[in-house]
Amino acid sequence: PISHSDAESEKIAAPRYSYWKSVFRVFFRKKINIFALALLLFVILFAYIYPSVTHYDPYANLLDPNAKHLSPSDAMSYFGPQLRWILGAGASGEPTFDAVWNGSRISISLAFMCAAINMTIGVMLGAVWGFSKKVDMVMMEVYTIIGNVPMILIISVLSMLFSPTFWTMVFALTVVGWLSIAYFIRTQVLIIRDREYNLASRCLGTPSSKIIAKNILPQLISVVMLQTALAIPDAIGSEVFLTYIGLGLPVEIPSLGNLINEGRKVMLVAEQRYQLLFPVLIVSAITISFYALGNAFADASDPRNHK
(Lines give C-alpha, C1' and ligand atoms only; values in the text may rest on other atoms or scores of the structure.)
Protein backbone atom coordinates (compact mmCIF):
# COMPACT_ATOMS: atom_id res chain seq x y z
CA PRO A 1 0.00 0.00 0.00
CA ILE A 2 1.13 3.57 -0.77
CA SER A 3 0.59 6.17 1.96
CA HIS A 4 -0.68 9.67 1.17
CA SER A 5 0.73 12.86 2.66
CA ASP A 6 -0.93 16.22 2.12
CA ALA A 7 2.30 18.05 3.00
CA GLU A 8 4.34 16.11 0.44
CA SER A 9 1.74 16.62 -2.26
CA GLU A 10 2.03 20.39 -1.90
CA LYS A 11 5.80 20.47 -2.50
CA ILE A 12 7.01 21.71 -5.88
CA ALA A 13 9.66 19.58 -7.54
CA ALA A 14 11.01 22.41 -9.71
CA PRO A 15 14.34 23.99 -8.65
CA ARG A 16 14.17 27.17 -6.57
CA TYR A 17 14.41 30.39 -8.56
CA SER A 18 16.30 33.44 -7.35
CA TYR A 19 15.84 36.53 -9.51
CA TRP A 20 19.03 38.40 -8.62
CA LYS A 21 21.10 35.23 -8.63
CA SER A 22 19.88 34.57 -12.15
CA VAL A 23 20.60 38.18 -13.14
CA PHE A 24 24.24 37.98 -12.04
CA ARG A 25 24.64 34.51 -13.54
CA VAL A 26 23.52 35.76 -16.95
CA PHE A 27 25.55 38.97 -16.62
CA PHE A 28 28.84 37.28 -15.72
CA ARG A 29 28.37 34.60 -18.35
CA LYS A 30 30.02 36.84 -20.97
CA LYS A 31 33.69 37.66 -20.52
CA ILE A 32 33.31 41.02 -22.25
CA ASN A 33 31.01 42.14 -19.42
CA ILE A 34 33.61 41.15 -16.84
CA PHE A 35 36.29 43.07 -18.73
CA ALA A 36 34.13 46.18 -19.08
CA LEU A 37 33.18 46.07 -15.39
CA ALA A 38 36.81 45.64 -14.32
CA LEU A 39 37.91 48.54 -16.54
CA LEU A 40 35.17 50.80 -15.21
CA LEU A 41 35.87 49.94 -11.57
CA PHE A 42 39.59 50.55 -12.09
CA VAL A 43 38.99 53.98 -13.62
CA ILE A 44 36.51 55.03 -10.92
CA LEU A 45 38.58 53.75 -7.99
CA PHE A 46 41.83 55.18 -9.34
CA ALA A 47 40.12 58.53 -9.99
CA TYR A 48 39.20 58.76 -6.30
CA ILE A 49 42.18 57.06 -4.66
CA TYR A 50 45.08 58.60 -6.58
CA PRO A 51 44.15 62.30 -6.06
CA SER A 52 43.53 61.65 -2.36
CA VAL A 53 47.08 60.34 -1.78
CA THR A 54 48.94 62.87 -3.96
CA HIS A 55 49.14 66.64 -3.94
CA TYR A 56 48.18 68.28 -7.22
CA ASP A 57 49.08 71.93 -7.81
CA PRO A 58 48.44 72.95 -11.43
CA TYR A 59 50.51 76.13 -11.03
CA ALA A 60 53.50 74.73 -9.19
CA ASN A 61 55.78 75.04 -12.26
CA LEU A 62 54.08 78.08 -13.82
CA LEU A 63 57.22 80.24 -13.57
CA ASP A 64 59.45 77.57 -15.11
CA PRO A 65 59.43 78.07 -18.91
CA ASN A 66 61.24 74.77 -19.46
CA ALA A 67 58.49 72.75 -17.76
CA LYS A 68 55.66 73.64 -20.15
CA HIS A 69 54.32 71.46 -22.98
CA LEU A 70 56.71 68.59 -22.35
CA SER A 71 56.16 65.24 -24.04
CA PRO A 72 56.14 62.15 -21.80
CA SER A 73 59.79 61.34 -22.57
CA ASP A 74 60.93 64.95 -22.09
CA ALA A 75 58.99 65.28 -18.81
CA MET A 76 60.53 62.08 -17.46
CA SER A 77 64.00 63.35 -18.40
CA TYR A 78 63.43 66.83 -16.92
CA PHE A 79 61.67 65.91 -13.67
CA GLY A 80 62.90 62.37 -13.20
CA PRO A 81 61.22 58.96 -13.58
CA GLN A 82 58.04 59.62 -11.59
CA LEU A 83 54.56 58.25 -12.24
CA ARG A 84 53.01 61.73 -12.36
CA TRP A 85 55.09 62.68 -15.41
CA ILE A 86 54.36 59.55 -17.39
CA LEU A 87 51.87 61.48 -19.58
CA GLY A 88 53.98 64.62 -19.97
CA ALA A 89 53.35 68.20 -18.81
CA GLY A 90 50.68 70.71 -19.82
CA ALA A 91 50.56 74.40 -20.64
CA SER A 92 51.27 75.50 -17.06
CA GLY A 93 53.87 72.84 -16.39
CA GLU A 94 51.35 70.69 -14.54
CA PRO A 95 51.64 66.88 -14.74
CA THR A 96 49.09 65.66 -17.25
CA PHE A 97 48.68 62.39 -15.37
CA ASP A 98 47.61 64.17 -12.18
CA ALA A 99 45.40 66.58 -14.12
CA VAL A 100 43.58 63.75 -15.91
CA TRP A 101 42.76 61.85 -12.72
CA ASN A 102 41.75 64.95 -10.77
CA GLY A 103 39.52 65.93 -13.68
CA SER A 104 38.10 62.41 -13.83
CA ARG A 105 37.16 62.56 -10.15
CA ILE A 106 35.32 65.86 -10.62
CA SER A 107 33.51 64.75 -13.79
CA ILE A 108 32.56 61.35 -12.35
CA SER A 109 31.28 62.95 -9.13
CA LEU A 110 29.23 65.40 -11.18
CA ALA A 111 27.85 62.60 -13.35
CA PHE A 112 26.89 60.37 -10.40
CA MET A 113 25.15 63.23 -8.61
CA CYS A 114 23.22 64.36 -11.69
CA ALA A 115 22.26 60.79 -12.59
CA ALA A 116 21.03 60.08 -9.05
CA ILE A 117 18.87 63.21 -8.96
CA ASN A 118 17.49 62.78 -12.49
CA MET A 119 16.73 59.09 -12.04
CA THR A 120 15.09 59.52 -8.64
CA ILE A 121 12.80 62.30 -9.81
CA GLY A 122 12.29 60.80 -13.25
CA VAL A 123 11.32 57.30 -12.10
CA MET A 124 9.04 58.41 -9.27
CA LEU A 125 7.29 61.14 -11.25
CA GLY A 126 7.20 59.03 -14.42
CA ALA A 127 5.44 56.18 -12.61
CA VAL A 128 2.78 58.53 -11.22
CA TRP A 129 2.59 60.31 -14.56
CA GLY A 130 1.79 57.11 -16.42
CA PHE A 131 -0.58 55.69 -13.79
CA SER A 132 -2.75 58.75 -13.10
CA LYS A 133 -4.74 60.17 -15.99
CA LYS A 134 -5.15 63.53 -14.22
CA VAL A 135 -1.42 63.89 -13.70
CA ASP A 136 -0.89 62.79 -17.29
CA MET A 137 -2.98 65.70 -18.60
CA VAL A 138 -0.96 68.25 -16.63
CA MET A 139 2.48 66.75 -17.27
CA MET A 140 1.90 66.39 -21.00
CA GLU A 141 1.41 70.15 -21.19
CA VAL A 142 4.58 70.69 -19.15
CA TYR A 143 6.49 68.28 -21.38
CA THR A 144 5.19 69.94 -24.54
CA ILE A 145 6.36 73.36 -23.36
CA ILE A 146 9.68 72.55 -21.71
CA GLY A 147 10.61 69.57 -23.87
CA ASN A 148 10.69 71.72 -27.01
CA VAL A 149 13.10 74.26 -25.52
CA PRO A 150 16.72 73.35 -26.36
CA MET A 151 18.56 72.41 -23.19
CA ILE A 152 21.56 74.47 -24.24
CA LEU A 153 19.44 77.63 -24.03
CA ILE A 154 18.30 76.80 -20.50
CA ILE A 155 21.85 76.13 -19.37
CA SER A 156 23.08 79.32 -21.07
CA VAL A 157 20.55 81.38 -19.11
CA LEU A 158 21.50 79.67 -15.86
CA SER A 159 25.19 80.24 -16.51
CA MET A 160 24.52 83.95 -16.94
CA LEU A 161 22.34 84.19 -13.83
CA PHE A 162 24.64 82.25 -11.51
CA SER A 163 28.39 82.09 -11.14
CA PRO A 164 29.88 78.97 -12.78
CA THR A 165 30.55 76.46 -10.01
CA PHE A 166 30.24 72.72 -9.47
CA TRP A 167 26.80 73.07 -7.88
CA THR A 168 25.63 75.43 -10.60
CA MET A 169 26.47 72.75 -13.16
CA VAL A 170 24.61 70.13 -11.11
CA PHE A 171 21.57 72.38 -10.96
CA ALA A 172 21.76 73.16 -14.67
CA LEU A 173 21.92 69.49 -15.66
CA THR A 174 19.11 68.41 -13.33
CA VAL A 175 16.62 71.28 -13.54
CA VAL A 176 15.04 69.71 -16.64
CA GLY A 177 17.21 66.62 -17.08
CA TRP A 178 14.66 64.41 -15.32
CA LEU A 179 11.88 65.28 -17.77
CA SER A 180 12.95 62.97 -20.60
CA ILE A 181 13.46 60.11 -18.14
CA ALA A 182 10.03 60.69 -16.61
CA TYR A 183 8.43 60.69 -20.07
CA PHE A 184 10.17 57.41 -20.94
CA ILE A 185 9.02 55.78 -17.69
CA ARG A 186 5.51 57.12 -18.29
CA THR A 187 5.44 55.37 -21.67
CA GLN A 188 6.56 52.08 -20.10
CA VAL A 189 3.96 52.37 -17.33
CA LEU A 190 1.17 52.92 -19.85
CA ILE A 191 2.00 49.57 -21.44
CA ILE A 192 1.38 47.56 -18.26
CA ARG A 193 -0.99 49.87 -16.36
CA ASP A 194 -4.23 48.23 -17.51
CA ARG A 195 -3.18 44.59 -17.33
CA GLU A 196 -5.43 42.11 -15.55
CA TYR A 197 -3.54 41.93 -12.26
CA ASN A 198 -3.53 45.73 -11.94
CA LEU A 199 -7.25 45.91 -12.67
CA ALA A 200 -7.84 43.20 -10.07
CA SER A 201 -5.82 45.17 -7.53
CA ARG A 202 -7.91 48.26 -8.19
CA CYS A 203 -11.14 46.30 -7.74
CA LEU A 204 -9.86 45.00 -4.40
CA GLY A 205 -9.23 48.57 -3.25
CA THR A 206 -5.44 48.46 -3.29
CA PRO A 207 -3.94 51.97 -2.98
CA SER A 208 -2.39 53.39 -6.14
CA SER A 209 0.97 53.84 -4.43
CA LYS A 210 1.11 50.15 -3.57
CA ILE A 211 0.11 49.13 -7.10
CA ILE A 212 2.91 51.28 -8.50
CA ALA A 213 5.48 49.99 -6.00
CA LYS A 214 4.51 46.30 -6.06
CA ASN A 215 3.00 45.66 -9.49
CA ILE A 216 4.49 48.16 -11.92
CA LEU A 217 8.00 49.23 -10.94
CA PRO A 218 9.32 45.65 -10.47
CA GLN A 219 8.36 45.04 -14.11
CA LEU A 220 10.55 47.98 -15.16
CA ILE A 221 13.80 46.99 -13.45
CA SER A 222 15.59 46.29 -16.73
CA VAL A 223 14.67 49.63 -18.34
CA VAL A 224 15.40 51.56 -15.13
CA MET A 225 18.86 49.98 -14.91
CA LEU A 226 19.48 50.79 -18.55
CA GLN A 227 18.40 54.41 -18.12
CA THR A 228 20.61 54.72 -15.02
CA ALA A 229 23.63 53.38 -16.85
CA LEU A 230 23.00 55.75 -19.76
CA ALA A 231 22.38 58.79 -17.55
CA ILE A 232 25.93 58.74 -16.15
CA PRO A 233 27.86 58.97 -19.46
CA ASP A 234 25.24 61.40 -20.72
CA ALA A 235 26.02 63.74 -17.81
CA ILE A 236 29.76 63.40 -18.44
CA GLY A 237 29.25 64.15 -22.13
CA SER A 238 27.11 67.18 -21.30
CA GLU A 239 29.72 68.53 -18.90
CA VAL A 240 32.51 68.04 -21.46
CA PHE A 241 30.49 69.71 -24.23
CA LEU A 242 29.33 72.67 -22.12
CA THR A 243 32.81 73.29 -20.75
CA TYR A 244 34.22 72.95 -24.26
CA ILE A 245 31.98 75.79 -25.54
CA GLY A 246 32.62 77.93 -22.47
CA LEU A 247 29.36 77.40 -20.56
CA GLY A 248 30.53 74.78 -18.10
CA LEU A 249 32.89 74.67 -15.15
CA PRO A 250 35.46 77.45 -14.71
CA VAL A 251 39.07 76.92 -15.71
CA GLU A 252 40.11 76.69 -12.06
CA ILE A 253 38.27 73.36 -11.76
CA PRO A 254 40.32 70.72 -13.67
CA SER A 255 37.41 68.74 -15.07
CA LEU A 256 37.71 66.52 -18.13
CA GLY A 257 35.88 69.17 -20.14
CA ASN A 258 38.46 71.81 -19.24
CA LEU A 259 41.32 69.42 -20.02
CA ILE A 260 39.86 68.63 -23.43
CA ASN A 261 39.31 72.32 -24.09
CA GLU A 262 42.94 73.04 -23.22
CA GLY A 263 44.12 70.16 -25.37
CA ARG A 264 42.11 71.45 -28.31
CA LYS A 265 44.27 74.57 -28.40
CA VAL A 266 47.42 72.55 -29.13
CA MET A 267 46.00 69.63 -31.09
CA LEU A 268 47.51 70.90 -34.34
CA VAL A 269 51.00 70.62 -32.85
CA ALA A 270 52.09 67.01 -33.30
CA GLU A 271 54.37 67.00 -30.25
CA GLN A 272 51.58 68.28 -27.96
CA ARG A 273 48.57 66.27 -29.10
CA TYR A 274 48.97 64.02 -26.07
CA GLN A 275 47.31 66.79 -23.99
CA LEU A 276 44.08 66.15 -25.90
CA LEU A 277 44.51 62.41 -26.40
CA PHE A 278 44.66 61.24 -22.79
CA PRO A 279 41.54 63.08 -21.48
CA VAL A 280 39.61 61.88 -24.53
CA LEU A 281 40.69 58.29 -23.85
CA ILE A 282 39.46 58.50 -20.25
CA VAL A 283 36.11 59.96 -21.31
CA SER A 284 35.78 57.27 -23.98
CA ALA A 285 36.61 54.47 -21.54
CA ILE A 286 34.02 55.70 -19.03
CA THR A 287 31.22 56.29 -21.52
CA ILE A 288 31.74 53.11 -23.54
CA SER A 289 31.96 51.00 -20.38
CA PHE A 290 28.74 52.44 -18.97
CA TYR A 291 26.90 52.00 -22.25
CA ALA A 292 28.08 48.40 -22.65
CA LEU A 293 27.37 47.48 -19.02
CA GLY A 294 23.98 49.20 -19.10
CA ASN A 295 22.82 47.19 -22.09
CA ALA A 296 24.28 43.97 -20.71
CA PHE A 297 22.67 44.43 -17.29
CA ALA A 298 19.35 45.37 -18.86
CA ASP A 299 19.40 42.11 -20.83
CA ALA A 300 20.38 40.17 -17.72
CA SER A 301 17.53 41.80 -15.75
CA ASP A 302 14.93 40.48 -18.18
CA PRO A 303 13.50 37.26 -16.70
CA ARG A 304 12.98 35.90 -20.21
CA ASN A 305 16.76 35.57 -20.52
CA HIS A 306 17.05 33.49 -17.32
CA LYS A 307 17.50 29.97 -18.60
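For the residues Pro279, Pro254, Pro164, a GNM of the chain with alpha-carbon springs under 10 Å puts the largest fluctuation on Pro164. Of all stretches in the chain that contain no GluC sites (Glu not before Pro) in a DSSP loop with at most 11 other Cβ atoms within 10 Å, the longest one is 11-251.
With protein chains left intact and a 1.4 Å probe, residues in the chain average 56 Å² of accessible area per residue. The orientation-averaged shadow of the Cα convex hull for the range 231-289, equal to a quarter of the hull surface, comes to 4.0 nm².
You can think of it this way: the chain between Trp167 and Leu281 has 38.5 nm of extra reach, that is 0.36 nm per residue less the Cα-Cα gap. The length gained on full extension between Asp74 and Met160, counted as 0.36 nm times the residue separation minus their Cα-Cα distance, comes to 26.8 nm. Taking 0.36 nm per residue of sequence separation and removing the Cα-Cα distance, the Arg195/Arg304 pair yields an extension gain of 37.4 nm.
For the chain, hydrophobic long helices are taken as DSSP H runs at least 18 Å long by C-alpha position along their axis with mean Kyte-Doolittle hydropathy of -0.5 or more; these are 31-53, 96-131, 133-146, 177-192, 221-244, 274-301. Peptides 283-289, 231-237, 112-118, 214-220 ranked from most to least packed by the mean count of surrounding Cβ atoms within 10 Å: 231-237, 112-118, 283-289, 214-220. Calculated [222 nm] ellipticity per residue, helices only, for the chain: -21500 deg cm²/dmol; basis is -39500 (n - 2.57) per DSSP H run with n ≥ 4, divided by all residues, nearest 500. Within the accessible surface of the chain, defined with a 1.4 Å probe on protein heavy atoms only, the carbon and sulfur portion equals 66 percent. The calculated FRET efficiency for the pair Ser52 and Ser132, based on their C-beta separation and a Förster distance of 45 Å, comes to about 0.45.
Working from Cα pairs under 8 Å separated by at least six residues, relative contact order for the chain is 24 percent.
The values are calculated or read from the model by the stated rules, or taken from the named source; none is laboratory data. Because the structure is a prediction, the values reported are computed rather than measured. In this analysis, Cβ positions are derived from the backbone assuming ideal geometry, glycine residues included, and neighbour counts consider all displayed protein chains. Just the protein is used for accessible areas: all its heavy atoms, side chains included, with ligands, DNA and RNA removed. Shrake-Rupley method; radii C 1.70, N 1.55, O 1.52, S 1.80 Å.
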